[in-house]
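Report on the following structure.
No lab work stands behind these numbers, since they all come straight from the coordinates. Quick caveat: nothing in here was measured; it's all calculated off a predicted structure. Reconstructed Cβ throughout: ideal geometry from the backbone, glycine too, with neighbour counts over all protein chains shown.
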Amino acid sequence: MATSPKLLEFLSWAKEKGVISDIQVQDIPDKGLGFVTKRNVSRDNSIVAYIPYSILLNATKINRYAKEKAPKLEETFNALMACLDGTSLKPAVDAKFNKLKKEYESLRPIFNKWSKVEDAGGHDVVTFEHFRWADGVFWSRVLSFGSRFQTIDSIEEDLDDFHLVPFLDFANHSLTPYARWEIGAEGVELILTKDDSLEPITSDTEICISYGDKPNSELLFVHGFTLSDNPWSAISFPVPFYDDDELAKAKLIFMQYHGIKHLVSLTRKKGGAELSHDATRAMWICVLSEEDGVKFKMNHNDPSHPIDLFIGNQIIPTLDVFDNVINSMEILPVIEFRVMESVLENVEYLLSHLKQTNEQVLKMMEHGRNSRELEYVRIYREDEYKFLEFAVEDFTRKRDALMVDDVVQRFTQ
Ligand SMILES: C[S@@+](CC[C@H](N)C(=O)[O-])C[C@H]1O[C@@H](n2cnc3c(N)ncnc32)[C@H](O)[C@@H]1O
């Protein structure tokens, strides 16, 4: 297959900058570009590509470049950081779209000042489309060095979490990858993971890495593709406070103070759908009431410690204490029963909503049957549908089991 001039230019730039590789970059059906082996290779922890730190892109580097070479870029960069401050990536595309739109609008004057809009006949030089494209490229290609920081001393920019790693970012995702990336002494390495089978990987085989155990919703949101055989499923919804819950505001402040997410996430685990630890705590807080002995005390004069929670007469200073107290309450089965009921109500609602829209959306999608993107969306919808059905079944079972519990019977009569 012919290699595009742009790719050739990039590869020669990468080589000149010190990238060493024993692997080929080429078109992979339905995935864009990717890595394939040039010959038979063994799965023996050998390095097949090496990318020196000097060519990685991260916030510190762009900031330094901005300071030295482009003061206007620095202005833009600072404004961008300010826009990102305090935001969290919301799972919904429209929320993301609105956020980007706002960011773009606040940066637009700076872009235009920076790139001289008059010279472009009054047209925006950086359009919203460009901005969205850049955001998509960034999030779908960036690597988080995160927890691996401890192992590096040699990177100057070791405060940054996110790095764009040229060349390595041709690696596609697989559930059964042959390779992984690692932080080496002076660069990032692509390594063929050791395997007990003595079978070599034959020539022309695609070499993928894993982007992590991500459900299709996340793969689609961040990377724009889905896997039909993805074993990871997840669904999230906002913490479902009761309409008449007078403690809702205090509960939200408490959750924020203790870093508990306001989204409840359910994941697929062997034989069932499970709440994460964080989501379990969020749901406990959600269903507890004053009648259960719960009280909040606002500390208006202390913004660093805005709220205290009491259960009975006990103050709850940490989440570990919270877990212990809840787990030792006599009414624990009642709390769990309420949690199951509330989760069930939410997954039933999500399922019925998906059902309602499915017919129309799937018909609409018929028109673009050959589009790769639509096929990914179809896989996602099907996956979500199955997971929701599964979650409804599982939570119905769990709720029904709790319904006959002695304590629940006693307290709900
Ligand atoms: C880090 S890049 C990998 C290189 C990319 N294929 C390219 O052409 O430059 C990530 C993007 O590759 C594509 N991709 C990665 N793994 C894929 C897979 N298993 N199936 C389909 N597309 C995939 C997605 O478009 C994703 O956003």
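Worth a mention:
- Per-residue 3J(HN,Hα) values for segment 213-227, derived from phi via the Karplus relation 6.51 cos²θ - 1.76 cosθ + 1.60 with θ = phi - 60°, read 7, 9, x, 4, 4, 6, 4, 5, 5, 8, 10, x, 9, 9, 10 Hz in sequence order (x marks Gly and Pro).
- The distance from the alpha carbon centre of segment 171-219 to that of segment 377-394 is 28 Å, rounded to a whole number.
- Scanning residues 5 or more positions from Gly187 or on other chains, those with amide H under 5 Å from its amide H are Tyr53, with H placed 1.01 Å from N in the peptide plane.
- Between segment 305-358 and segment 3-60, the Cα center-to-center distance that results, in Å: 48 Å
- Distance between modelled label sites at Leu33 and Ser328, nm, 7 Å Cα→Cβ extension: 6.0 nm
- For the chain, calculated [θ]222 nm from helices alone, where every DSSP H run of n ≥ 4 adds -39500 (n - 2.57): -14000 deg cm²/dmol
- Proximal aspartates and glutamates to Lys251, defined as alpha-carbon separation beneath 14 angstrom and excluding residues fewer than eight positions away on the same chain: Asp243, Glu290, Asp308
- Check: the chain dipole with +1 on Lys, Arg Cβ and -1 on Asp, Glu Cβ, in debye: 960 debye
- Value of relative contact order over the chain, rounded to a whole percent, pairs C-alpha under 8 Å and six or more apart: 15 percent
- Under the span-like rule (Cα at least 27 Å along the axis, Kyte-Doolittle mean at least 0.0), DSSP H helices of the chain: 332-366
- Under 5 Å, built H, 5+ apart or other chain: amide partners of Val264: Phe237, Val239
- Listed by chain and number, the aspartates and glutamates placed with their C-alpha closer than 12 angstrom to that of Lys355 are Glu382, Glu384, Glu389; residues fewer than eight positions away on the same chain are left out.
- Pairs from Lys269/Lys386; Lys261/Lys386; Lys96/Lys270; Lys194/Lys269; Lys101/Lys261; Lys194/Lys270 whose Cα-Cα separation, in the structure shown, is over 20 Å: Lys261/Lys386; Lys96/Lys270; Lys194/Lys269; Lys101/Lys261; Lys194/Lys270
- Relative packing of peptides 206-215, 245-254, 318-327 - highest average C-beta neighbours within 10 Å first: 206-215, 245-254, 318-327
- The lysines within cross-link reach of Lys31, meaning a Cα-to-Cα straight distance under 18 Å and a gap of 8 or more places when in the same chain, are Lys6, Lys214.
- Relative contact order computed over segment 234-412 (Cα-Cα under 8 Å; 6+ residues apart), in percent: 21 percent
- Rough spin-label spacing in nm, given labels placed 7 Å along Cα→Cβ, for Glu291 and His262: 2.7 nm
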